[in-house]
Every structure is written in structure tokens, then in C-alpha cells.
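Below you'll find the structure, written out as C-alpha cells, and then a few comments.
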Amino acid sequence: MSGSSFDAGTFPADHDDAERRRQRVSATADQLRRAGRGMAALAVLAAEIAANRHGERHRTHLLGDLTRIAALEQPTVALVGLRTALDQRLDARSRSTLLALIAGTAARVGHPDTDALLRDAGIAHAASGDHASARHLALGRAARSLSHGDLPGAHAVLEALDPGSPAARADASSIRAERILVQLGLGQHQDARTATRPTSNETDPLFSSALTALDCLRMVAVGELPEAAALAVTTLTSSPVDLSPEVRALFVAVIGEVRYRRGDHDDARTVLRPCLAEVRWPDSTLWTPAFCVAVRDSALSVPANLVTRVVADLHRSVRSLLPVPQFGPRLVRAAMAAGDTPAARRVTELVESVATRTPVPLWRALADQTRGLRDRDPDALRSAVDGLRTTAAWPALADALLDLANSPALRPVQARDAAHEAAALYARIGAPGDQATADRRCAELATTPRHRPASDGPARTGIEALTPAEERVAEMLASGATKKEAARSLFVSFHTVDTQLRSIYHKLGIHNRMQLVRAWDSARR
């Protein structure tokens, strides 16, 4: 097909039925997109929508194609192309849907005009009453909530949509993907795992790849690292369809994250280095997850000034921080290591803002962790560890334990316990590189003399004589857990728990579980 035949308005006025014509228009738009002419592809579809040749069904399918093409483009192309499409002489319903699409795209990247665009889209929808514009307006409002870290607000908007209804079929994949993102942000990882499984009637390969990317993010969040890397590599290298820039960027972030955690730093740099080119906002927002991986490596992050770039984009939208819990604390850690206290403070404020809007244990713990890193406060880090223990975010928990072990204000015996537990947890999730880091910290602390009370000071007795690790075991067993359950929750062996329990009995002068319960309750009154 010649280049001139790609232009809008070149289709002959023949008597093809509506479906054949739509397929031809859609195929032309896809060819334009693959040729790197996304705005022209959107113009072709908008011109056909404006012509309104074959009625409502034809228009609805074309709007679905327009939505799909916009989602596959960089945000800059999508925004400019959709705004240009508004120059067509559209009917009120098509115009309201297009305005809602623009508002939703702007909301995802934290565009400063988002509120005004949503307001204009709402006015247009009220005048047209179009069902498609209503769905896209709701998606835009949910995206705005996500950009501000208001996960409950996004959840409420999305729950009001019914992706299973026949009228919503064209937008069902977008609704489902946003719901999964909300589940990941809320720490509902089991629900997200169920939601990412393809259904029997799922036929869109582009959406299937998006589901795979979201499932890989879930695996990274809960510590299924080998599985995440294998799935990401397979999909990225052998997918039969063109991946959207956003999905491709997510797979790159997953692969880089796992390789760093495994200690394969050179391989991680090979994957991440091509994405570090100077990309301007809003297109840079697609790569924020990959940048959040790369900031842990000063060889990549310092030359590219990544921390500054990431913080600037996150102040427009925190969307990229939501699915992977360890990203926020990592940015603070990188900023503090670089001596950039203002950046550390800004990230901490962002995480605390999300925790305020989304008051769930996961985000409260992350707010404690970022504050503990910024202020070098071991009490905040302890609170973060306690909070993360109640979640499935094992990599974030292991990182928080290592942060606690690195706290200079912590007693050496407590730091050793934290480092040892971090190393055991890293081993469990398949992160030998991070495990080696924790083991090195253990070795450093092993050479630190234990603090002994002065000879004229009172010796510690009772509960006060227990080490932090023994206190955790005592608390769990006194609360009714078995030794096996305590070992599983604390990421240590059954033998370790059994040994610590004997030490607890000896220090407390007791002989059985019932006496432990009474001693623990008495000490905590």
C-alpha cells in the first residue's frame, strides 16, 4: 500500500457493508501505527467517525479502535492526536467520548490540565448522554484518583462500572486493568493474582500482554522473583503482537529488578541502560518503574540524574509507585546516599500522602520506612517492619529489615537479628544478590563487641532479658501460634524457634506455654 493511501478520506465510496469498511479503516490505522505515524492513524479513525456513514454500531466499533490506538501510543502522541481529532465535525456523542479519552490520558500522566479536562468532558457527557463517554469519564476520574494515591477513591469509581455488560465490552479490558492496579496498590495480591488470569473469552492479545505485565508486577511485589523474570523475558522476546510502550517498559523494569536482586548487575545494566535516554514528560512517565529499579545502581542513576527526574514525574502522578511497594523506600535510600536530602524529603511526603489517602497497613508501613530512612530513626523502621509483617510484600519487608540492620542508632544485637532475618528472607524469595549484602552486614556486625551493662548497673531480668528475636517468638507463642507457625511467619527454621523458646524459658524461669502466656500478659499490662 502506498504512503498516500494512508491518508484520511482516501477510501472509495463503494457499496461495501459497514463491517468490511470498518475492517479496512482499522487495518489502515494499524498500518499507520506500525509505521510510526500514530497521529495519522488517529486522524483516519476520527475522519471515519465524523463521516458517520453506517450508524451507531459502526461508530461504536470505530471509537473502540480509536481508544485502542491511543492506548498503544506514547502519551504525547495520544494527547496531540486526540486533540487534533476534535477538529473533525463530530456529533455530540462522539465528541463527548473523545473529550473523556483525552481527560483520561491526561490523568494517567498527571497533566496539570486534568481537572479542567475532566470538567469539560463531564459537561459534554451531560449534554450527550452517551454511554461510552460515561465509561471513559469514569476511567478518567479513577485515573485522577490513582495519580494522587487515592486508591479507595479509584476503587469506588471502578466498582460502579460493569465490564461484563454488552455495552461495556469495548472498554472491559481497560476497566479490568485499572481494577488490578488498584488491587496491587491496596496490597490485595491474591485478588490481583486471580484477576490477571485470562478468561475463556479473552481474545485480545494486546490485553493479554498487559495482564501478563501486571501479573509480573504482582510477582515482584510478593517475592516470586524467578517466576516473574521468566515470564517477562518470554513475553518480551517472543510475543506475536506489538507490545505497547507502557507494557514493554513494565517488562524491562521487572527483568531489571530481578537481575539486580539476584546479583547479576551487568545483565541488569544491559537491560536498563537503553531506557535511560533523556525522554521528556509525559512520555517519561512510562519508564518511571524502570527508573525506580535503576536508582539502586549509582553507575546508572548518577550520570542520568535519575532521582531528580523520577521525583519530578512522581510529583505529577504517583501512579508508578503504587504496584511495587519497595519503590518508594528505594528512592529515599538512593537520595540519602547521594546526599540529596530535599529529594528524600519530597519522596517521603509523597508516600505519606498516599498513606493518608489510602490508610491500609501496607502504606502506613511504607510511610514509616521512608520516614525512618530520611530521619535515620530506628523506631520508625521497627514500626515499618512490624507493619510489613502483616502483608504479603516480602521483598519490601526484607529491605526494611536490612534498613533496620544498617541503622547506626540500633544496638548491635538487634541489628544482627534484623540482618540475619533479612538474609533468610532474601534467600526464600530467590534474591541471592541481596542475600549476600545482608550476609555481609551480618559479618560486619559479628565483629562488633556486644554491649554489656556496667558492672555497677542492674542486670536485666524477666522479659527485659530477652533479645529482640526472642521477644518476637515469645509474643507469637503467647498469642497462640505453634512453633511451626512462628517459624513460618518469622522466616526462620523450626529448630531456631525451638532453641529460642528454650532460652526464653530459662531467662523467665518458667517451664511451659501456659506460664509463658501469664508472664507475657503480666509484662505487657
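Summary of values
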quantity	calculated
Some residue of segment 300-322 being within 18 Å of Ala393 (Cα to Cα), in a loop (DSSP other than H, G, I, E, B) and either aromatic (Phe, Trp, Tyr) or touching a Leu at 6+ places or on another chain (Cβ under 7 Å) (or both)	yes
Every residue from segment 410-439 that is under 29 Å from the mean Cα position of the chain (by Cα) and not in a helix (DSSP H, G or I)	Gly430, Ala431
Qualifying positions in segment 287-298 - in a helix (DSSP H, G or I) and modelled with pLDDT of 95 or more	Trp287, Thr288, Pro289, Ala290, Phe291, Cys292, Val293, Ala294
Residue within segment 367-386 that is without any contact (Cβ under 8 Å) to a residue 40 or more places away in the chain, of a type in the set (Val, Ile, Thr) and either within 20 Å of Ala398 (Cβ to Cβ) or not in a helix (DSSP H, G or I) (or both) present	yes
In segment 145-167, the residues that are among the aliphatic types (A, V, I, L, M), out of contact with any His (no Cβ under 8 Å at 6 or more places or on another chain) and part of a helix (DSSP H, G or I)	Leu146, Leu151, Ala154, Ala156, Val157, Leu158
Flag for Val109 being at negative phi, β-branched (Val, Ile, Thr), in contact (Cβ under 8 Å) with a residue 40 or more places away in the chain and touching a Lys or Arg at 6+ places or on another chain (Cβ under 8 Å)	yes
Test: residue in segment 446-454 that is open to solvent by less than 80 Å² (accessible area, probe 1.4 Å) and modelled with pLDDT of 80 or more	yes
Matching residues in segment 463-473 - criterion: being closer than 27 Å to Tyr426 by Cβ, part of a helix (DSSP H, G or I) and hydrophobic (A, V, I, L, M, F, W, C)	Ala469, Val473
Complete set of residues in segment 174-209 that are of a type outside the set (A, V, I, L, M, F, W, C) and either over 30 Å from Leu366 (Cα atoms) or exposed (fewer than 13 other Cβ atoms within 10 Å of the Cβ) (or both)	Gln190, Thr194, Arg197, Pro198, Thr199, Ser200, Asn201, Glu202, Thr203, Asp204, Pro205, Ser208
Qualifying residues in segment 474-525 (those that are more than 28 Å from Ala427 (Cα to Cα) and part of a loop (DSSP other than H, G, I, E, B)) - the one most open to solvent (accessible area, probe 1.4 Å)	Arg525
Residue among Pro359, Pro325, Pro329 that is part of a loop (DSSP other than H, G, I, E, B), of a type outside the set (Ser, Thr, Tyr), buried (at least 17 other Cβ atoms within 10 Å of the Cβ) and under 19 Å from the mean Cα position of the chain (by Cα)	Pro325
Members of segment 151-173 that are within 20 Å of the chain's Cα centre (by Cα) and open to solvent by less than 60 Å² (accessible area, probe 1.4 Å)	Leu151, Pro152, Gly153, Ala154, Val157, Leu158, Ser173
Some residue of segment 254-271 being of a type in the set (A, V, I, L, M, F, W, C), without any contact (Cβ under 8 Å) to a residue 40 or more places away in the chain and surrounded by fewer than 17 Cβ atoms within 10 Å (Cβ to Cβ)	no
Residue within segment 293-303 that is within 17 Å of the chain's Cα centre (by Cα), closer than 17 Å to Leu214 by Cα and either open to solvent by 10 Å² or more (accessible area, probe 1.4 Å) or acidic (Asp, Glu) (or both) present	no
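The values are calculated or read from the model by the stated rules, or taken from the named source; none is laboratory data. All values reported here derive from a predicted model rather than from experimental measurement. Cβ coordinates were reconstructed from backbone atoms using ideal geometry, including for glycine residues, and neighbour counts include every protein chain displayed. The area values use the complete protein model at the heavy-atom level, side chains included, leaving out ligands, DNA and RNA. Shrake-Rupley method; radii C 1.70, N 1.55, O 1.52, S 1.80 Å.
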